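Q: Structure provided below as structure tokens; questions to follow.
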Amino acid sequence: MTRRWRELQRVWAPLLAAEPRRLALGAGLAALTVLMGMGLLGLAGWFITATALAGLHAATALVFDVFMPSAGIRLLALSRTASRYGERLLTHDATFAVLAALRVRLFRGWARPDAARQLLARPARLLFRLSADVDALESFYLRLLVPAGAALGAALMAGLVLGAMNSWIGLLLALWLLGAGWGIALVLARRARPAAVRRAQATESLRARTADLVAGQTELVMAGRIEAQCEAVAAADRHLAAADLVLNRLEANAGIAFGMAGTLTLAAVLLAVGLLADEGTIGTPAAALGLLVALGAVEPFAALRRGALEAGRAWLAARRLAPHMAAGPEPMPVPAMPDDGLALQARALTLVHPGSRRPALQRSAFAVAAGERVAVVGPSGAGKSTLLAAAAGELAPAQGELRALPACLLTQRTDLFQDSLRDNLRLANPSADDARLWSVLQAAGLADEVRAMPSALDSRLGEGGLGLSGGQSRRLALARLLLRDVPFWLTDEPTEALDTATAHDVLLRLRAQAAGRTLLIATHLRREAALADRLLVLHAGRIVADLRRGTAAFEAALSALRPD
């Protein structure tokens, strides 16, 4: 329990510190609402009883003051309504603001290069963290802290009211309410935690498998796995239903337990105030007041039931998110090159991917002159993409030194978003005006096709760039590269999966636009390597050859690459 509390605290502590006043005020209004409800119930019971007794005799009826109690009832009723509205507005608004801040914090952390690679590897899981896991944390405040604080206030008020009649009765009532109410909630939270965790995991699995089924229907059908995937979705749904059934049973049992505790409380208070009234210590109206205040004090504890059921889910979310809450070190930029005519220099460079012990690039030393065009060639897995990622500042060296000019990386993957074509371009340069956008589209060979679209630059793309062909997507990526005013371009197999005609056109435009810039290309295609004046040959993470155009070795290595 201590460990789970620390994990919740690790997530919520910085967030509570961000909105302390609103969160505290919201919890205070929740407690005030409960207290006003108890006061309203108790005062109304006292007033009705006192009025009935006063009406038995004409003398007491004439002198009985009906105005002050009725005014108090109206005041409590109106104040309770206003307090309830303010509490709901304030607590939810503050909670949503806190969770929004958490999402921003997590998104910024996962937008870093090392985390971005994890996002690409498991996008469904991290999306679940940003959505469902963050949403689960609201239960900690809204359904646990706030109701627990309100229940504490209710127990203390009931104890004070009954304590004014008899101190021992008030003390025992307060202790009983806290022990029984919080105890039932604690037992429920402990018993519900495994089922709540299974439910959260089943929900995540169901979402991921359903997304895979919807997004990969064609591939699944071609592989003959569509029925297996449907069965996997159905299995996740069965696990979710089983966890829901367990939670529903626990909730029903908790309702019975709270009901029994409430009944015992009322019975005990009824006997106590009856004895006090019989002894003449209190009158009948005061006995009604005490009984109804005790009745009102039981209700806030029942509100803890929902929070106790979801405590396991909130704990699981906190455990998942806690490692990402600590502000990690900012990614170290690639050291700038001195003004010595070089664009890239590596000395005894060793690169290792996070979580791996095996170097992707070992003890490599080379340099690239400013304005030079170099192709890094070799079989898949040789370390070509890793080298480009390091040059772009996305992977820090494990050993050795790497210095480079400011660079921009064009990867094999074209990342396009469900947004306008204009905003997809402006990801590379938010300040670019339309004239600049049309200029780079023209240079990339896409301007005429964009003009033919009904909305031109305002045309909406679907998820992942849906609506553009593969060639159009690649040209759009090239146009985005052209918007980056940097002296060093890094391209990772820029024409992979394009037809020959489109690929050659893209390469011709890339060659023309790269004039005056340094170009480093990772490739295993002959047509891409032909742009270079120099070949760096990688094998098993080592540079095994450095070849220059005009030599027989260069031509032999170029001919050995995969043809167009």
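Q: Plugging the Kirkwood radius over Cα pairs into Stokes-Einstein for the stretch 141-229, at a temperature of 4 °C and a viscosity of 1.567 mPa s, what D comes out in µm²/s?
A: My calculation gives 76 µm²/s for D.
Q: Going out from 0 in 10 Å bins, what whole percent of all Cα-Cα distances in the stretch 235-297 drops into each bin?
A: Histogram of Cα-Cα distances, whole percents per bin: 21, 28, 18, 14, 11, 6, 1.
Q: Residues of the stretch 247-265 with backbone nitrogen within less than 18 Å of a virtual label 7 Å along the Cα-to-Cβ line of Ala132, please, listed as ranges.
A: Of the residues in the stretch 247-265, 247-248 have backbone N under 18 Å from the label point off Ala132.
Q: Oh, and also: Roughly how big is the chain's charge dipole about its Cα centre, with Cβ charges of +1 (Lys, Arg) and -1 (Asp, Glu), in debye to the nearest 20?
A: The dipole magnitude comes to about 1160 debye.
Q: In addition: Tell me the net charge near Asp485. Cut-off is 12 Å between Cβ atoms, Asp485 excluded, with +1 for each Lys or Arg and -1 for each Asp or Glu.
A: +3
Q: Apply the Karplus parameterisation 6.51 cos²θ - 1.76 cosθ + 1.60, with θ equal to phi minus 60°, to every residue of the stretch 77-86 and state each ³J(HN,Hα) to the nearest whole Hz, in sequence, with x for glycine and proline.
A: Taking θ as phi minus 60°, the curve returns 5, 5, 5, 5, 4, 5, 5, 5, 5, x Hz for the stretch 77-86.
Q: With an 8 Å cut-off on Cα pairs and a minimum separation of 6 or more residues, tell me the relative contact order of the stretch 2-324 in percent.
A: 32 percent
Q: Pairs of alpha-carbon atoms within less than 8 angstrom and 6+ residues apart define the contacts here; what relative contact order does the chain have, in percent?
A: Once normalised by length, the contact order is 15 percent.
Q: When only Cα pairs under 8 Å and 6 or more residues apart are kept, what is the percent relative contact order across the stretch 119-218?
A: Computed over the stretch 119-218, the figure is 23 percent.
Q: Compute the projected area of the convex hull of the Cα atoms of the stretch 2-324, averaged over all viewing directions, and report it in nm² to one decimal place.
A: So the mean shadow area of the Cα hull is 20.6 nm².
Q: Taking 25 °C and 0.890 mPa s as the conditions, I'd like the Stokes-Einstein D for the stretch 342-559 in µm²/s, using the Kirkwood hydrodynamic radius from alpha carbon pairs.
A: D, rounded to a whole number, is 136 µm²/s.
Every number here is computed from the coordinates shown, using simple stated rules; none is lab data. These numbers come from a predicted model, not from an experiment. Quick reminder, even Gly has a Cβ in these numbers, built from the backbone with ideal geometry, and neighbours come from all protein chains shown.
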